[in-house]
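The values are calculated or read from the model by the stated rules, or taken from the named source; none is laboratory data. From a predicted model like this one, the values you see are computed outputs, not experimental measurements. Using ideal geometry, Cβ is built from the backbone for each residue, glycine included, and neighbour counts are taken over all protein chains shown.
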Amino acid sequence: MEQGLAVAKKINTEELNARFEKEQPETIIRWAVETFRSKIAMTSSFQSESVALLHMASLIDVNLPVLFLETGFHFKETLAFKNEVIRRFGLKNVIELKADPKRREELMKEYHNEPYRHNPDLCCQINKVEPLDRALKGYDAWISGIRRSQSKTRRDIQIVEEYEEKGRNMFKINPLANSTSGDIRWYIEQHQLPKHELAGMGYLSIGCWPCTKPVQPGDDERSGRWAGRDKTECGIHTFKAKKEKPKEKEIKEEGSGI
Ligand code: SF4
């Protein structure tokens with residue numbers, strides 16, 4: 001028997017995407033938060049541009065769960081930036097996700113404390129994909145800050161995407177999908193948001209320190225990530241099987257107020 005559920009909502013990703021292409025990100029976030037209520041979370045790496053999405057979300061609900069992957073390899077500047085953003089925006093529910101301690105210990109041992117150098121795919125799998133996968137089991141939807149213009153691998157993302165999640169459906173919301181880096185910079189300036197210390201030093205996309213370099217002029221925003229390798233994604237945006245054709249699906253919404 002389903003618990004505490006009173007209303008079933010129909011999600012038609014095709015219709016929503018047509019509509020949301022013309023909407024502001026704030027409108028999309030509000031729709032997502034009001035639709036999924038306690039069953040939605042946002043992921044954030046607290047890098048320089050993350051601050052725009054976090055700010056938009058904080059104006060809608062400071063209690064929205066924000067999932068942060070604590071890999072143990074972040075720049076100290078990122079951790080300081082995270083604390084500053086939490087304080088400034090009053091975020092109440094930032095949750096750190098960590099690797100399974102045993103898996104991480106074995107990984108570090110096998111690769112002499114440098115798994116990112118010898119096996120970055122496995123390093124990302126254990127430190128990012130697995131903890132996120134575990135955490136998402138508690139949600140029906142998640143909000144991500146990825147954008148089409150960040151890289152070739154992201155240019156086909158949709159604003160609302162539907163995934164298979166072991167017998168149930170899960171939705172991923174990308175409110176900034178059609179925003180550019182210029183749009184984000186404009187938003188940051190307009191709202192006078194805090195700046196990541198590395199942002200002015202050529203770091204356009206900031207991840208773990210062993211796998212992040214400044215970007216060369218004219219290159220993809222994400223070209224500084226795993227530079228010199230074939231790797232372009234850590235896996236958290238690609239590990240779920242996306243549905244090829246959007247379908248109308250029923251989701252359950254908590255509460256009986258509507
Ligand atoms: S980005 Fe690099 S250091 Fe971070 S989890 Fe992936 S391989 Fe490891």
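Can we say L176 is over 18 Å from the mean Cα position of the chain (by Cα), at negative phi and not in a strand (DSSP E or B)?
Answer is no for this residue.
Please enumerate the residues belonging to segment 133-147 that are assigned to a helix (DSSP H, G or I) and surrounded by fewer than 19 Cβ atoms within 10 Å (Cβ to Cβ).
Residues satisfying the conditions are D133, R134, A135.
State whether the residues of segment 89-98 include one that is farther than 14 Å from F46 by Cα and either among the aliphatic types (A, V, I, L, M) or part of a helix (DSSP H, G or I) (or both).
No.
For segment 109-130, does any single residue satisfy the condition of being within 12 Å of L67 (Cα to Cα) and either outside any helix (DSSP H, G or I) or without any contact (Cβ under 8 Å) to a residue 60 or more places away in the chain (or both)?
No.
Of the residues that sit in segment 227-244 and are more than 22 Å from S50 (Cβ to Cβ) and away from the ligand (no atom under 16 Å from the Cβ), which one is surrounded by the fewest Cβ atoms within 10 Å (Cβ to Cβ)? Spell out the reasoning first.
Start the filter on segment 227-244 by keeping residues that are more than 22 Å from S50 (Cβ to Cβ), which leaves 228-230, 241-244.
The next check asks that each one be away from the ligand (no atom under 16 Å from the Cβ); those that pass are 241-244.
Values: A241: 9, K242: 13, K243: 15, E244: 7.
Among residues in segment 227-244 that are more than 22 Å from S50 (Cβ to Cβ) and away from the ligand (no atom under 16 Å from the Cβ), the one surrounded by the fewest Cβ atoms within 10 Å (Cβ to Cβ) is E244.
Among the residues of segment 136-171, which ones are more than 13 Å from the chain's Cα centre (by Cα) and over 24 Å from E23 (Cβ atoms)?
Across segment 136-171, the qualifying residues are K137, G138, K152, T153, E164, E165, K166, G167, R168.
Filter segment 206-226 down to the residues that are within 13 Å of C123 (Cβ to Cβ) and either more than 16 Å from the ligand (Cβ to nearest atom) or in contact with a Pro (Cβ under 9 Å, 6 or more places away or on another chain) (or both) and list them by number.
Correct list: P210, C211, W226.
Restricted to segment 148-157, and to residues that are in contact (Cβ under 8 Å) with a residue 12 or more places away in the chain and part of a loop (DSSP other than H, G, I, E, B), which residue is nearest to the ligand (Cβ to nearest atom)?
The extreme case among them is S151.
Only one of T71, T27, T78, T35 is under 16 Å from W142 (Cβ atoms) and either modelled with pLDDT of 95 or more or not aromatic (F, W, Y) (or both); which?
Just a single option satisfies the conditions, and that option is T35.
Restricting segment 104-143 to residues that are out of contact with any strand residue (DSSP E or B) (no Cβ under 6 Å at 6 or more places or on another chain) and of a type in the set (S, T, Y), which is farthest from the ligand (Cβ to nearest atom)?
Y111
So, in segment 95-108, of the ones that are surrounded by fewer than 19 Cβ atoms within 10 Å (Cβ to Cβ) and among the aliphatic types (A, V, I, L, M), which residue ends up farthest from P65 (Cα to Cα)?
Result: M108.
I'm told F81 meets every condition in (1) surrounded by fewer than 20 Cβ atoms within 10 Å (Cβ to Cβ); (2) in a helix (DSSP H, G or I); (3) in contact with a Leu (Cβ under 9 Å, 6 or more places away or on another chain); (4) not polar (S, T, N, Q) except one. Can you identify the failing condition by its number?
F81 satisfies all of (1) surrounded by fewer than 20 Cβ atoms within 10 Å (Cβ to Cβ); (2) in a helix (DSSP H, G or I); (3) in contact with a Leu (Cβ under 9 Å, 6 or more places away or on another chain); (4) not polar (S, T, N, Q) except (1).
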